[in-house]
1. For residue D:127, state whether it is more than 24 Å from residue C:280 (Cβ to Cβ), modelled with pLDDT under 95 and away from chain C (no Cβ under 14 Å).
2. Can you go through A:192, A:218, A:171 and tell me which one is in a helix (DSSP H, G or I) and in the same structural domain as residue A:257 (by TED's automatic domain parsing)?
3. Residues to consider are D:247, D:281; find the one that is at pLDDT below 95 and in contact with a strand residue (DSSP E or B) (Cβ under 9 Å, 6 or more places away or on another chain).
4. Identify, from the list D:385, D:373, the residue that is surrounded by 22 or more Cβ atoms within 10 Å (Cβ to Cβ) and either within 12 Å of another protein chain (Cβ to nearest Cβ) or in contact with a strand residue (DSSP E or B) (Cβ under 6 Å, 6 or more places away or on another chain) (or both).
5. Considering only region C:276-298, state which residues are assigned to a strand (DSSP E or B) and either away from chain B (no Cβ under 14 Å) or surrounded by fewer than 24 Cβ atoms within 10 Å (Cβ to Cβ) (or both).
6. Given (1) in contact with a helix residue (DSSP H, G or I) (Cβ under 6 Å, 6 or more places away or on another chain); (2) over 30 Å from residue A:313 (Cα atoms); (3) surrounded by fewer than 24 Cβ atoms within 10 Å (Cβ to Cβ), where does residue B:251 come up short, assuming only one miss?
7. Collect the residues in region B:34-51 that are more than 19 Å from residue C:27 (Cα to Cα) and surrounded by fewer than 17 Cβ atoms within 10 Å (Cβ to Cβ), keeping them in residue-number order.
8. If I ask for residues that are more than 11 Å from chain A (Cβ to nearest Cβ) and assigned to a strand (DSSP E or B), which ones from region D:314-361 would you list?
């Protein structure tokens, strides 16, 4: 067997997402056969010392303190963008124009306009064989991939209802500190773009339908929060007591919206979405339920190795069947452990690398493309438009 | 012990609801100490023979073929209305004016105007000691009554999120026959009034807050259905095949809406509601989840003896606690079986009788009053108004 | 329709079981069509005043203070025995000899010898058309009746594993008072006969197999308990503090045993059983799981309206299917409420009456017969024998 | 920061367990700070070509075809034994005598005699600072580690009941082929040693008590199975049809036993254990439930990120609390992802490496020691002795 050609990766950012991506780049070739061999060539971060420490810990060969330098390097084939949303457009477009493949974290951008420019750049680059993908990693959860397979096989019939919740609770404490995720200029939006975007992508992808309109309500429960040190120039840990300086929360804490889908071949489903970081006790409840004319599916990321399936043909002895998605026939699973030995959160990122590298190796467009992510961005924008217009129906 | 005075009941209608009410009237005094002794004095139905058979089966002493006659009788103290919504106003107002207590099935009426007239009649009658109550029986589920107790005790803190679903699937088959429940002139609305009304009442009652505005989407998936024999004059079983005459469905099949609550002492919660009869596999999933600043509660009628409670003070070892609501200290439960021996659907009706008879015996206004039910009716009307106005926000 | 002939019932005992049986006698004819019309003719209890109060509350027409008098009465057709196990043999045999049908609570007796005599009396009486049945009411839970149907239909294939637990926790507190249930002379045994007997009957009935041998371990965690007033002659509430007089617990607190089944047509299953009243947090977890060559079934009375079914033929997308046993096609369910409206604990007793009255009306032997209950008694005896003989295997 | 000293690992075997161990060695230093830096120095396997391919795939630097050569190498500090149980004793003793630390897969050996020799070697080596550990990796599941913490904190009080099941179904099909795991000479025992050993170790470790006696039943459901090619010399895929040559299964398919524990400070719990590979639908249900005088705990590896906890002090509103074991305060979890992002099967192996390397780095005896594993071996032997002696009680 000829050794695989290398795929030399440069990653921008090394926080939570950077750690997840690094693990994926290291691990994917150990469990899957890839057409290209990923190499963790360089990581970029503004603080040289911190970047060096991150590189050592996460397994990257070298460090840059400017992402532009990463793009200039000849020994980098792919740029992996793990920074906040306000930087995505600039980095991604520059990378694509320099002929680097791009993996960009979600949401694709902080505005439709940025996402449109990125999509244009992606489509231009694709003609030269330079590929791009947006990091909606939940698609790579085996149970959600199996859900999509069931829909494609027609096991649900025509879909009528989409029920999508993404419930977390880490902001429930009103004294939890301000972060960049609560600053609209950095993050674009709050729960809507951070977690609601995952629900939108998953709902559209699993159903094979696009959202055509929405009616929305956004709410900010805690309008001000104590500033942590690094956000008020204290050079360290801030005073988070009641007297601490407080920053203004400029994003939504919770988003609720109804939606209509374009129906593919059928008549189109209706959907209800909710995203919040204030659902006490729900830690990462990314849930999706579909009701069709023949069956239903339900998923909850808090029990991520399970897909529940209802087959109406089994009536009167029908019931939601708890499929433990750990069989070798299930998506991605055959490359891991024996039946019954579940996977965890980070496997989605490893599978994302597998799908991306496979598509690049085969010269195919990886999914979700920037165009797919732009559609999500348009839904996000429609949600915000409806919410600021008395919840009036807003076409996407 | 002096024997309790009798409370002589006349019931109108004897279908599904009539059977449930009859069981409750028979059973309540066997397990609870009541200030008045219910007697199943008479049942009214248009068809004399059918009414007689029902009376024998359900345990009623006599029969009338006109509900007006029931109201005229001196030996009736209370009228129990178990008919479709289009008849509620006329019967209830006549009964109250005749000095009979009234128990009226939900939804109170088919329009706000009717409900207002009924409420006026109820308030007038109450001054004479004649009482009335609307049959939102889910309030009497021990787990939901315990939920309300928890909210009142402040164990949830200030409530931020209300999440209410009422999911059934009995109309999922597009060839299921037309019924009066799908005829707006009889039922007032579809899933909205039939099951959504339960969710609205439960959400308002458990939180102690009122809904102040909504944005809504209504959908009818199956616009025509085969007419069963008794609806097309076939004198029996109709031909339900593809060639059967079809009737027009004039109500919603599914209702989705977001809501704001008035907050009681706090800032007010936001809510998301969904009611449908097309959620394949969900048989009677009347669910309510509340997230507050201190804790959360979750309930699903498909596991009706359980209340899930999350207490944030137990962090980092917090988790939803599955309270099996079968302890003697729990609402209603002490009068039944030992701990761990769960109750069923009909117990809610028995508890409803207990609460009603106790209030009447003590000369108190039973809850929910017609005024409470009128508030639900106003929410239903606001939902319909928003849905016909591009989902625009509609004040209640 | 000719009115049904009456079936005049005389009940002995009116505590927990008496209340459940009374409800069943009252309710069964309201929801089911019976060949005979039950009448609550008389109840017997030693204390005249208390018996009279119970009769009024529970709906019995008359009172006797000696069960022998009940048997002598010409206007009684059936004796319903709801007393502790030490009295079963005497009452049942006398009743049968007097030509009265008998319903006897479980366990049938406190010894195999008593059970044998009762069975002999039952078989003799049966030749005269006098019927008898033992009250293993869990058989009448729709989900367990559906389980038996599945086994009979071959949907599990040949059964290999039986896993039966009956877990309660009401004795977990070492200061809970002494009761007759902890006195071997009254109750025969502890958790073994009280709740383990239900598991044995259910396992044998659902599988259609008989237990042929066991190896057992019995344990008594709390050897002495405070005596409540009525057990120490204080004429009321006893002092349950540490200084209270204490009585000796003479029964098992927990029972564990392995078992082999006779296999019917197949090779025979192996089983593991556990019964305890010390499993903190388990309130009435009567669980049964069967694993066969084609599928599996699981049941837990704490979620009594659900049967979980695994069909291996659906592999690789197989999974335990949560059947909500509330469809009209399911055992007993069609006579109650619409789909999705669950039943409670007492429905088992109502169904028991239905089955008993139907069998009597049709001149058939009701099930479980005294002979069936004798087989359970023999298993209980074998368990005790093994436990006192170093857990050595004991044939039944 | 001074770079950590290397810990050079030589692994024997590279099948399922080898892949899991390799992933752990690669991953542990990326998420945890270790006192020594693991290096994947060499892997040994008899077939040079296959071993070379495995080394490339799994990330090992070199290959040996004889494990003895691995032990002779100066550049190896630790021998990781991932082979069937019949080889453990010889390899482990040789490695320890050569001054190599040892990690040995479970069960420690195929007999008590072997395990005793291994333990002696381990204790001798420990005096020279050469450490050894047995790979009971389930101890490293965060939820089970939290369970142990709860017991140590006294949150359960005195433990009365242990309920341990390990249910799989991969042998349910009677035509599944013969494997070394079904050959007593290779594997020592069947479900008992393969999965029951995990339950025994977990139960003893979490409770802090040792098993003192057992009564057991072993069963072999399928006594012969088709031989796959590599077991009959066909040099490839065997004919698994009905006519294929069949091999004799010489181990147990299922094991059931009751047990008594030594109670630590308290009176000692009783336990019931079941291990099987024939529980259709149960894929990797390694379950442990403990009932104490103050509370209960329940765990199921099929929902491995959850620990259920019942605190009786919360009565009457107590209930099993579903702790999502993903908080930073929980064992191992803080080094991974944010709250709510669950871990998978292989994390146990990574944590095992963390604990082993930390102990070696700190000069402490890692746990479980060979002596701990010998105690498990003695329980396994007692189970077999009881089963062959009519289930008679057998002291450990």
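The values are calculated or read from the model by the stated rules, or taken from the named source; none is laboratory data. For clarity, every value in this text was computed on a predicted model and none was experimentally measured. Virtual Cβ from ideal backbone geometry, glycine too; neighbours counted across all protein chains shown.
1. no
2. Being in a helix (DSSP H, G or I) and in the same structural domain as residue A:257 (by TED's automatic domain parsing) holds for just one of A:192, A:218, A:171, which is A:192.
3. Testing whether each residue is at pLDDT below 95 and in contact with a strand residue (DSSP E or B) (Cβ under 9 Å, 6 or more places away or on another chain) leaves just D:247.
4. D:373
5. C:285, C:287, C:288, C:289, C:290, C:291, C:292, C:295, C:296, C:297, C:298
6. Status for residue B:251: all satisfied but (2).
7. Once the filter is applied, which keeps residues that are more than 19 Å from residue C:27 (Cα to Cα) and surrounded by fewer than 17 Cβ atoms within 10 Å (Cβ to Cβ), region B:34-51 yields B:35, B:46, B:47, B:48, B:49, B:50.
8. Result: D:319, D:320.
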